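Working notes, beginning with the structure itself.
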Amino acid sequence: MKLTFIHDHVFLKFKGNYYSTGKLTYKQLSGYFKYANEIEVIARFKNVDYDPGDALLSTGMNITVHGVDGPLSTRGVIYRSKLIALITSIIAKTDFVISRLPSELGLLGDRVAKTLHKPILHEMVASPFDCLWYRGDFFAKIYAPILSIRIKQALLKASYVIYVTKNYLQHSYPTNGRSIGISDARVDATTNNKKPINPKKIRLGVIGNPAVKLKGIESLSKLMEKVTDVNIELQIVGGNLTSPLELKMNENKKIKQVGFISSKLEMASWFKQIDIYIQPSFTEGLPRSLVEAMSFGIPCIGSNVGGIPEIVHSNYLFKPGNVEELISLIYKLVSSENEYSILMEHSINKAKEFSLNLDNEREQFMNEFLQVELK
């Protein structure tokens, strides 16, 4: 059985191999081996002149990555017919397709799969409107409602859809087909490290690339400039430490930029020293990093967007970009042992919802899709 997976993910290409700094490493892609013994991946890429490391490798036995130009890039527009021909040739030899949305390649894959009468399942992981609107540039704001309509039309006609949220994406981008709301985040809630907050030094944590405006990390940078009466330190995991925001934050001694962490043990060690985890994004599906923080019993504060309100305590949500509101929530949390304890318990209980049992639900849904669509 052969699967074609298609998405706008940008892989790093080095000496013929593809690497992922996101969620599509070989280990992560191999989860689809439950349903196919060979996987063809179609996605964007960029060449790099350094070795990203084996931990980020995406290509390997029975997994092939086809790096292509983005459909809206200059080359993608000029050579669009060749791009479609390549996608068609790959999908024609496959048994079924998984299109991860929102993505331009995913929409192309949807069209080609239907033309070739290939079964297709859609994974809906984020709001296309929010992703473009909050990106910041003029073109993105103009195109946001257009892409949103295109994604809505694709999902309405879809036969099977997996949403990463329980309610948010389903409400905004519904389908007339079969669907399930299930996150791909899996954690062990027994790893929690319940501990009282240390008022002498409070460590705030966030995972994300500061160069990506959608992650809202600039809000935390402003927070660190304004809060002077509480001894706090901000630790950031992610990024390449070269963007203008990261260079600016280097000047603040209370901001520690950790960079990328690939080791699971090192990641666990980092979580265990964090007192409060903050998800300040302008848009999200259901962030894995937030669930992971909760599995360590860390009190969490999040922006009121996407699937974040589905897991963060309702009293600790703030409008994205509203630094003053975020500061007041931090003060509220650190000034009360009872509040801190309540949020620790909330995190632990919420993390338990993301156990391995979810894999069984997803597997049942996938097997239904295969049985019905491949008959």
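The values are calculated or read from the model by the stated rules, or taken from the named source; none is laboratory data. Not measured: the values here are computed from a predicted model. So basically every Cβ, Gly included, is an ideal-geometry build from the backbone, and we count neighbours across all protein chains shown. Each accessible area value is taken on the protein alone, full model and side chains, heavy atoms only, with ligands, DNA and RNA left out. Shrake-Rupley method; radii C 1.70, N 1.55, O 1.52, S 1.80 Å.
Okay, here's what the table says:
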| read-out | value |
| --- | --- |
| Within the range 267-349: Cβ-based charge dipole about Cα centre, in debye rounded to nearest 20 (Lys, Arg +1; Asp, Glu -1) | 140 |
| Given (i) 25.0, 88; (ii) 21.0, 66; (iii) 22.9, 73, the label whose value is Rg and Dmax of the Cα atoms in Å derived from this model | (ii) |
| Among Leu241, Leu24, Leu265, residue whose mean-square fluctuation peaks in a GNM of the chain (springs only between Cα atoms under 10 Å) | Leu265 |
| Spacing of the two label points (7 Å from each Cα toward its C-beta) at Lys152 and Asp188, in nm | 4.4 |
| Approximate spin-label separation Glu324-Lys375, in nm, with each point projected 7 Å along Cα-to-Cβ | 6.1 |
| Residue-averaged [θ]222 nm for the chain, counting only DSSP H segments that reach four residues, each worth -39500 (n - 2.57) | -11000 deg cm²/dmol |
| Pairwise FRET efficiency - Leu247 versus Lys46, Cβ, R0 = 25 Å, nearest 0.05 | 0.70 |
| Cβ-defined net charge surrounding Lys166, 14 Å radius [Lys, Arg +1; Asp, Glu -1] | -3 |
| Inverse mean reciprocal Cα-Cα distance (Kirkwood Rh) of the range 156-216, Å | 15.7 |
| Most fluctuating residue given options Pro174, Pro102, Pro196, as computed from a GNM of the chain linking Cα atoms under 10 Å | Pro196 |
| FRET efficiency, 1/(1 + (r/R0)^6) with R0 41 Å, evaluated for Lys200 and His171 via beta carbons | 0.40 |
| Share of carbon and sulfur in the accessible heavy-atom surface of the range 233-375 [1.4 Å probe, %] | 49 |
| Computed label-point distance, nm, for sites Leu116 and Thr228 using a 7 Å Cα→Cβ extension | 6.3 |
| Rounded to 10°, Cα long-axis angle of helix 323-334 versus longest principal axis of the chain | 60 |
| Selected from Val227, Val212, Val258 as most flexible by GNM, with the chain as the system and alpha-carbon contacts under 10 Å | Val227 |
| Helix axis angle, 217-226 relative to the chain longest principal axis, alpha carbon, degrees | 10 |
| Cβ-based charge dipole, the chain, positive-most Cα from Ser183, Asn37, Leu241 | Asn37 |
| Nearest 10 degrees, 0 to 90: helix 357-373 Cα axis against the chain principal axis | 20 |
| Accessible-area order (highest first, 1.4 angstrom probe) of the listed residues Asp54, Asp69 | Asp54, Asp69 |
